[in-house]
Amino acid sequence: VIVDAFGNCDRPRLAEAISLVGRLETDGIIVANNTRITTALVQVFGAAENLDGALQTFRKIKKPDVSAINSLLDACMRCDNGKVARETFDYYFRGSSPRQRPDVISFSIMIASLLKKNYFEASKAARKLYE
């Protein structure tokens, strides 16, 4: 909750979130790369519009769950990087053996980002994703 709160400040407090997580890991209060806490940190990086940090942090999660993937998708959209979001969505949710099953949030993030582009091809892609 505290890590998440750092991302919800008017100006995300990224350095403090990173420091807190590092301290909690060092003191043995949490295990390194705890999925929930690492996911919250991905969200803070996204709120700070730091996609590189979000990607590096996300890669520390051994088996990302849907919540972690959605946090990365959201970070991609906040950083206006639809290409990485589509690649991530396709990697985890599509193909002959998807790694995870998308939820309504997964689709909402992708559809909303496509509709923000406000051109015909994006609208068409959003409709296809919706269907």
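The values are calculated or read from the model by the stated rules, or taken from the named source; none is laboratory data. Treat the numbers as computed from the prediction; the structure is a model and nothing was measured. Cβ coordinates were reconstructed from backbone atoms using ideal geometry, including for glycine residues, and neighbour counts include every protein chain displayed. Side chains included, ligands, DNA and RNA excluded: accessible areas come from the protein's heavy atoms. Shrake-Rupley method; radii C 1.70, N 1.55, O 1.52, S 1.80 Å.
Key figures
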{"item": "R0 of 30 Å, Cβ-Cβ distance Asp10-Lys128: FRET efficiency to nearest 0.05", "result": "0.25"}
{"item": "Sum of -39500 (n - 2.57) over DSSP H runs of 4+, divided by residues of the chain (222 nm, nearest 500)", "result": "-20500 deg cm²/dmol"}
{"item": "Rounded to 10°, Cα long-axis angle of helix 82-93 versus longest principal axis of the chain", "result": "90 degrees"}
{"item": "Accessible surface, 1.4 Å probe, highest first, among residues Asp52, Asp4", "result": "Asp52, Asp4"}
{"item": "FRET E, pair Ala112, Asp65, Förster distance 25 Å, beta-carbon r, rounded to 0.05", "result": "0.75"}
{"item": "Gain on full stretching of the segment that runs from Arg94 to Asn34 - 0.36 nm per residue minus C-alpha separation", "result": "19.0 nm"}
{"item": "On Cα atoms only, tilt of 66-78 relative to the major axis of the chain in degrees", "result": "70 degrees"}
{"item": "Three-way shape call for region 30-84 based on the alpha-carbon gyration tensor, with the a/c threshold at 1.5", "result": "prolate"}
{"item": "Dimensions in Å of the chain - Rg and Dmax from alpha carbons", "result": "15.4, 53"}
{"item": "Accessible area (Å², 1.4 Å probe, nearest 10) - Thr26", "result": "110 Å²"}
{"item": "Rounded FRET efficiency, nearest 0.05, which uses the C-beta distance separating Asp103 from Arg23 and R0 of 22 Å", "result": "0.10"}
{"item": "Ordering of 102-115, 67-80 by packing [mean C-beta count within 10 Å, highest first]", "result": "67-80, 102-115"}
{"item": "Accessible surface, per residue, of region 4-131 when the full set of protein chains is kept, probe 1.4 Å, Å²", "result": "64 Å²"}
{"item": "The chain - percent of accessible surface contributed by carbon and sulfur, probe 1.4 Å", "result": "50 percent"}
{"item": "Leading residue at positive end of dipole, the chain (Cβ point charges), from Ile29, Gly53, Leu129", "result": "Leu129"}
{"item": "Helix 120-130 axis, angle to the chain major axis (alpha carbon atoms, nearest 10°)", "result": "70 degrees"}
{"item": "Cα gyration tensor, region 64-127 - rounded (a/c under 1.5), prolate or oblate", "result": "prolate"}
